[in-house]
Amino acid sequence: MISINRRLVDAKILDHILEINAENQKVAERLELFKSANIELASEALIYINKIVDEFKSVNFISMSLEELERIKNDIGKVPTIKAQFDGRDKITSLKDEILHIFDYDGKRSKFYPKYFSDLGIKACVYCNSQLTVVIDESLNPVSGEIKYTAKFQLDHFYPKGKYPHLSIALFNLYPVCSTCNQTKSTNENVDFKLYADKVTKSEFSFKLDSTSKALFLLSRDSADLKITFEKELEKNYTDVFKINEIYKTQLDIAEEIILKSLVYNQSYREILKMNYLKHRINDSLINRFILGNYTEQSEIHKRPNAKFMQDIGKEVGLI
């Protein structure tokens, strides 16, 4: 719902650069082995593989910049739709799946990505902001029969990994999302939102509390009387694709709590709280977070589900 300054991403990449470089080298080595073992592939597939190998000589496929991402997408193009018995195996697989396996995108979902995106401050879906970006993966140990559960980051690829598997691990191509939005986005590629930007201004998205419904609620104290609308300044497509209004119609109880808090937390009460909190070295920012029940700065929207919704309603009723 709001873009992230690319400079912040660049800084976080530097924090993880040793791990990134080591993993990029592993991918490069696996790619060379794959190329050597499959020299009799159709010319289209070999051309595609050689292009990737050549790019690895000068580009880190994990930390590549936004400009490199665009250039490599155009220079290498889409993966050929080829199936074969790769590496002399009996099983027939697609070239796309082989590249994804070499790049180990799935492995990074439970190892590297949770650390990296947590450091970047993203835990909530960047599209709907209503759910966490973590899903639970279930796997069965064929020997012991035990079921293992692993928390994995759910990620949308701005350029789909089904078409561009060589971009599957590029950090600037990855958008942390909930499973519902990820599935929705897979069939709606032309969504007008880019997570990474050179300059971040105010969010184009906003939640509005209908004033008439608020007045009615104050009389009835029935949250069903509240009406929330979601607006995007540029176009309606985003709202329709991700069903934002439908999602947040289920969050009226949160709006109810925020309105009631605004009646209770007047200035004198806030001063009393502030005095008590300061005794424990709790600053104004944390006090506001406690009162709202979520992060209160625009730059922190991605840190927790419902942050954008709660911030907008909280500001509208004067709670923050």
Problem - segment 213-234, residues that are out of contact with any helix residue (DSSP H, G or I) (no Cβ under 6 Å at 6 or more places or on another chain) and of a type in the set (D, E, K, R) - result: Lys214, Arg221, Asp222, Glu231, Glu233
Problem - Every residue from segment 246-261 that is surrounded by 16 or more Cβ atoms within 10 Å (Cβ to Cβ) and among the polar types (S, T, N, Q) - result: Gln251
Exercise for the section: Determine the pairs where a residue that is over 17 Å from Lys185 (Cα atoms), located within segment 124-138, has a partner that is aromatic (Phe, Trp, Tyr) with Cβ atoms under 9 Å apart, the partner being 6 or more residues away or on another chain. Expected result: Ile136/Tyr149; Asp137/Tyr149; Glu138/Tyr149
Handout entry: Residues within segment 103-114 that are in contact (Cβ under 8 Å) with a residue 40 or more places away in the chain and crowded, with 18+ Cβ neighbours inside 10 Å, tallied
Key = 6
Practice task
Return only the number of the condition from (1) of a type in the set (A, V, I, L, M, F, W, C); (2) touching a residue at least 60 places away in the same chain (Cβ under 8 Å); (3) assigned to a strand (DSSP E or B) that Ile247 does not satisfy.
Solution key: (3)
Completion exercise
By residue number, the members of segment 28-47 that are surrounded by fewer than 16 Cβ atoms within 10 Å (Cβ to Cβ), under 25 Å from Ile62 (Cβ atoms) and of a type in the set (S, T, N, Q) are Ser36
Handout entry: Identity of the residue in segment 149-174, among the hydroxyl-bearing types (Ser, Thr, Tyr) and touching a helix residue (DSSP H, G or I) at 6+ places or on another chain (Cβ under 8 Å), that ends up farthest from Ile247 (Cα to Cα)
Key = Tyr164
Exercise for the section: Would you check which residues across segment 163-205 are more than 30 Å from Gly318 (Cβ to Cβ) and open to solvent by 40 Å² or more (accessible area, probe 1.4 Å) and list them? Expected result: Lys163, Ser179, Thr180, Gln183, Ser186, Thr187, Asn188, Glu189, Asn190, Asp192, Lys194, Asp198
Completion exercise
Residue pairs qualifying under the 8 Å Cβ cut-off, at least six apart or on distinct chains, with the first in segment 11-27 being more than 17 Å from Phe56 (Cβ to Cβ) and the second being of a type outside the set (D, E, K, R) and in a helix (DSSP H, G or I), are Lys12/Tyr116; Lys12/Leu120; Ile13/Ile20; Ile13/Leu171; His16/Phe112; His16/Tyr116; Glu19/Phe112
Problem - Single residue of Glu316, Glu297, Glu271 found to be surrounded by fewer than 20 Cβ atoms within 10 Å (Cβ to Cβ) and touching a Lys or Arg at 6+ places or on another chain (Cβ under 8 Å) - result: Glu316
Practice task
Might you let me know whether segment 34-47 holds any residue that is modelled with pLDDT of 95 or more and touching a strand residue (DSSP E or B) at 6+ places or on another chain (Cβ under 7 Å)?
Solution key: no
Exercise for the section: Return a yes/no flag: does segment 233-242 have any residue that is under 24 Å from Val9 (Cβ atoms), assigned to a strand (DSSP E or B) and touching a residue at least 12 places away in the same chain (Cβ under 8 Å). Expected result: no
Exercise for the section: Go through Lys243, Lys236 for me and flag whichever is open to solvent by 90 Å² or more (accessible area, probe 1.4 Å) and modelled with pLDDT under 85. Expected result: Lys236
Handout entry: Residue list for segment 48-83, restricted to those being within 16 Å of Ala28 (Cβ to Cβ), open to solvent by 40 Å² or more (accessible area, probe 1.4 Å) and not small (Gly, Ala, Ser)
Key = Asn50, Lys51, Asp54, Lys57, Glu68
Handout entry: segment 132-144 - residue that is open to solvent by 100 Å² or more (accessible area, probe 1.4 Å) and touching a Ser or Thr at 6+ places or on another chain (Cβ under 9 Å) and, of those, farthest from Glu300 (Cα to Cα)
Key = Glu138
Exercise for the section: Could you tell me whether segment 115-129 includes any residue that is charged (D, E, K, R), open to solvent by 40 Å² or more (accessible area, probe 1.4 Å) and touching a Lys or Arg at 6+ places or on another chain (Cβ under 8 Å)? Expected result: yes
Practice task
Residue by residue through segment 206-233, note down the ones that are of a type in the set (Asp, Glu) and surrounded by fewer than 16 Cβ atoms within 10 Å (Cβ to Cβ).
Solution key: Asp210, Asp222, Glu231, Glu233
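The values are calculated or read from the model by the stated rules, or taken from the named source; none is laboratory data. It should be emphasised that the depicted structure is a prediction, and the values quoted were computed from it without experimental measurement. Note that we place each Cβ from the backbone using ideal geometry, even for glycine, and neighbour counts take in every protein chain shown. Ligands, DNA and RNA are stripped out before the accessible areas are found, and what is left, the full protein with its side chains, is counted by its heavy atoms. Shrake-Rupley method; radii C 1.70, N 1.55, O 1.52, S 1.80 Å.
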